[in-house]
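Everything below concerns the one structure shown next.
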Amino acid sequence: MSSTFAIILTGILVAAACASLGCFLILRRMAMLADAISHAILPGLVAGYFIAQGPSLLAGFFGAALAGLITVGLVELLKNTQRVGGESAIGIVFPAMFALGTFLVSKYYADVHLDADAVLYGNIEFVGFDHWYLGETDLGPQSLWIMGGLCLINFIFITLFYKELKLATFDAGLAATLGFSPILIHYGLMAVVSITTVGAFTAVGAILVVALMIVPAATAYLLTDRLPWMIGLAIGAGAIAAVLGFGLAFMLNGSVAGAIATITGVEFGLALLFSPKQGLVARAQRLARQRIQFAADTLLVHLLQHEGSPEAANESTISHLQSELQWNNKFAQRVLDLAQRRSLVRCQGQQLELTTSGRERSQQVLQLGRG
Amino acid sequence: MNTDAKPLAIHDLTVAYQDKPVLWDIDLSVPSGVLAAIVGPNGAGKSTLIKATLGLMPIAAGTVQMFGQPYAKARQMVGYVPQRSSVDWDFPTNALDVVLMGTYGQLGWIKRPSKADREWALHCLEQVAMADFAQRQISQLSGGQQQRVFLARALAQRAQLYLMDEPFVGVDAVTERAIISLLQQLRSDGKTVICVHHDLDSAPEYFDWVALLNVRMIAAGPMKTTWTPENISQTYGGRTQNLIRGAA
């Protein structure tokens, strides 16, 4: 297997493992907690290595999962004292945990490759070189196995507990009354987030794990209003970011992990602007359309008010719209186009008059306004 | 199950935030087949009573039994309608899926809802006249429609006792009518319905049983004998002269 392919495949697996869980973090409004866990697992990792007396994968996972849960527990505890608000509680716990981890690393593992840079930025560039062997047999890059395994774990977790995760996220109160402990589900999710973070951060680093957990899920949330689609789109957005990010890094000779995370940000920006339903552009168009429609109704009501009265000849001219209704030429023209297209208004030279359906519509509008 | 046991029996229930009591020594026994209102001023602990009953809040003292059993054993018989504002309606799902959540309790862990569960959920939506909105994203429903979806979800629980937290808040007059006739239908089917309610005007018209609450239980019993000016004014601390019309 070529090293390039190993890097891209690792990136895709990391993205898929992170983004799928990220959907639930976004819906539970816990993006910051993912950030906290990604930093706070460090002391657990070191403690795991310490107990195993050397860098051991299993001990690392176990320690990190435990540290993740301790972080979540401490945050809850701090919140419950009601002396510290929610976000501040997270802000207090994770730097403390991370600092403890950094200290432990410098004290006991100054000579091992577990240095702060690797923790923060990862080194996905090297995944192709670190192979696993079974006796003499080359099993391929280690990180592929780890991330493949984590993807599988997350897939099984979400598939098995999809119903419970959805219920506890949407309505924790109902979940509790139906006998599905929301606390158990919360800690279960956090445990999976913790081990995913450990697996992923060797590849992309602690900071970028957060990017891959949160940003593709937030992007997907803008694009759909169905949870299964959201999970699928989040994984897709993450995977595309992994591929494009690698390409970008290769072209510019920069950090692969940095490029991947940057692409996730670009994806989010594009979704925010151009999402068909929730995008800013679609919203602006919708507002503009509503404005024209409202103006057309205003015109109908105006014509109705003066219909048949002596001043009608003066009030119902196109130039009057500009001078009295304070519409500029272009806007007045667009309103008039709309009204004529829907055959609500007839144009007799400069003179405007209501059609039969226009009169009905204007009476309806007046009724609605009163109702 | 003890069929003679009261749907809801609360003894000496005290609930507190730290050392501030929210509910003091509540005794309440609701008979079967009534449409009951829990009425009281803001901060009286009406919602807290429901939540504590369902184990959603820690109890400082006392016991709660439903059909003669602790709630943990009677779950399947109890339907719950939380306040509409307690959930995020931007959640990516549709009305049918929310109603389907009502069947989760009977399914238990891991098991997925079946086709029959889906049909049942749709039937529950029909009962609140919302079948046409089954596939509608929930954020695109009006307040009244969202409340109806919540009611349909409680119906999907196939319960004997329903606890509802302010089901009439923020709904239009049409929905209010639809909800009350649904509750009356439940009562005539032999179910027991208990609603937190804050509108003194409509209380005697809608309900046939009432619990007047203000941190302590002031009075509880059939509407006819309990809805008296003395009881109401004691509940509201004498601030109700203009509020009471239906009182006997």
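The single condition among (1) part of a strand (DSSP E or B); (2) over 20 Å from B:Ser32 (Cβ atoms); (3) out of contact with any helix residue (DSSP H, G or I) (no Cβ under 9 Å at 6 or more places or on another chain) that B:Gly221 does not meet is (2). Condition first: within 14 Å of another protein chain (Cβ to nearest Cβ), out of contact with any Pro (no Cβ under 9 Å at 6 or more places or on another chain) and within 30 Å of B:Pro92 (Cβ to Cβ). Can you find one or more residues in the range A:30-53 that meet it? Checked the range A:30-53: at least one residue is within 14 Å of another protein chain (Cβ to nearest Cβ), out of contact with any Pro (no Cβ under 9 Å at 6 or more places or on another chain) and within 30 Å of B:Pro92 (Cβ to Cβ). Just checking, how many residues over the range A:229-256 are of a type outside the set (A, V, I, L, M, F, W, C), under 17 Å from A:Cys151 (Cβ atoms) and surrounded by fewer than 24 Cβ atoms within 10 Å (Cβ to Cβ)? Count: 2. Could you go through the range B:138-157 and let me know if any residue there is within 14 Å of chain A (Cβ to nearest Cβ), hydroxyl-bearing (Ser, Thr, Tyr) and in contact with a Pro (Cβ under 8 Å, 6 or more places away or on another chain). No: zero hits.
Which residues, taken from the range B:51-61, are in contact with an Asp or Glu (Cβ under 7 Å, 6 or more places away or on another chain) and either modelled with pLDDT of 95 or more or farther than 22 Å from B:Leu212 by Cβ (or both)? Within the range B:51-61, none qualify. Taken over the range A:216-264, residues that are under 11 Å from the mean Cα position of the chain (by Cα) and either without any contact (Cβ under 8 Å) to a residue 60 or more places away in the chain or within 14 Å of chain B (Cβ to nearest Cβ) (or both) amount to 12. Taken over the range B:172-207, the residue count meeting the criterion of being acidic (Asp, Glu) and either over 21 Å from B:Thr235 (Cβ atoms) or free of Cβ contacts under 8 Å to residues at least 12 places away in the same chain (or both) is 3. Considering the range A:125-163, the residues that are touching a strand residue (DSSP E or B) at 6+ places or on another chain (Cβ under 7 Å) and of a type outside the set (A, V, I, L, M, F, W, C) include one that is surrounded by the most Cβ atoms within 10 Å (Cβ to Cβ), namely A:Pro141.
Taking the range A:117-182 and the helices (runs of 4 or more DSSP H) fully enclosed by it, the elements with 2 or more residues that are modelled with pLDDT of 90 or more and more than 14 Å from chain B (Cβ to nearest Cβ) are at A:142-160.
Okay, residues lined up against (1) closer than 17 Å to A:Leu189 by Cβ; (2) modelled with pLDDT under 85; (3) outside any helix (DSSP H, G or I):
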residue	(1), (2), (3)
A:Arg29	yes, no, yes
A:Gly60	no, yes, no
A:Gly63	no, no, no
A:Ile70	yes, no, no
A:Gly73	yes, no, no
A:Val84	no, yes, yes
A:Ala89	no, no, no
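Counting only strands (runs of 3 or more DSSP E) wholly contained in the range B:1-68, the ones carrying 1 or more residues that are touching a Pro at 6+ places or on another chain (Cβ under 8 Å) occupy B:8-17, B:20-30, B:61-65. Being closer than 30 Å to A:Ile158 by Cβ, more than 10 Å from chain A (Cβ to nearest Cβ), at pLDDT 95 or above and out of contact with any His (no Cβ under 8 Å at 6 or more places or on another chain), is that true of even one residue in the range B:104-111? Taking every residue of the range B:104-111 in turn, none turns out to be closer than 30 Å to A:Ile158 by Cβ, more than 10 Å from chain A (Cβ to nearest Cβ), at pLDDT 95 or above and out of contact with any His (no Cβ under 8 Å at 6 or more places or on another chain). If you go through the range A:320-348 and pick out every residue that is touching a helix residue (DSSP H, G or I) at 6+ places or on another chain (Cβ under 9 Å) and either loosely packed, with under 12 Cβ neighbours inside 10 Å or small (Gly, Ala, Ser) (or both), you end up with 5. If you go through the range B:58-94 and keep only what is over 20 Å from the mean Cα position of the chain (by Cα) and either within 8 Å of another protein chain (Cβ to nearest Cβ) or closer than 22 Å to B:Leu186 by Cβ (or both), you end up with B:Phe91, B:Pro92, B:Thr93, B:Asn94. With the requirement that a residue be of a type in the set (A, V, I, L, M) and either within 10 Å of chain A (Cβ to nearest Cβ) or touching a Lys or Arg at 6+ places or on another chain (Cβ under 6 Å) (or both), what does the range B:112-137 give you? Of everything in the range B:112-137, those that are of a type in the set (A, V, I, L, M) and either within 10 Å of chain A (Cβ to nearest Cβ) or touching a Lys or Arg at 6+ places or on another chain (Cβ under 6 Å) (or both) turn out to be B:Val128, B:Met130. Among the numbered conditions (1) facing another protein chain (nearest Cβ under 10 Å); (2) part of a helix (DSSP H, G or I), the only one that A:Val210 does not meet is (1).
Rundown of residues vs (1) acidic (Asp, Glu); (2) within 43 Å of the chain's Cα centre (by Cα); (3) on the phi > 0 side of the Ramachandran plot, yes/no style:
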{"position": "A:Ala332", "(1), (2), (3)": "no, yes, no"}
{"position": "A:Val335", "(1), (2), (3)": "no, yes, no"}
{"position": "A:Leu338", "(1), (2), (3)": "no, yes, no"}
{"position": "A:Gly349", "(1), (2), (3)": "no, no, yes"}
{"position": "A:Leu352", "(1), (2), (3)": "no, no, no"}
{"position": "A:Gln364", "(1), (2), (3)": "no, yes, no"}
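In summary, helices (runs of 4 or more DSSP H) completely within the range B:103-175 and bearing 1 or more residues that are of a type outside the set (Val, Ile, Thr), over 21 Å from B:Leu56 (Cα atoms) and within 22 Å of the chain's Cα centre (by Cα) occur at B:115-127, B:143-156. Taking the criterion of being under 16 Å from A:Leu150 (Cβ atoms) and more than 30 Å from the chain's Cα centre (by Cα), no residue of the range A:27-56 qualifies.
The values are calculated or read from the model by the stated rules, or taken from the named source; none is laboratory data. Treat the numbers as computed from the prediction; the structure is a model and nothing was measured. In this analysis, Cβ positions are derived from the backbone assuming ideal geometry, glycine residues included, and neighbour counts consider all displayed protein chains.
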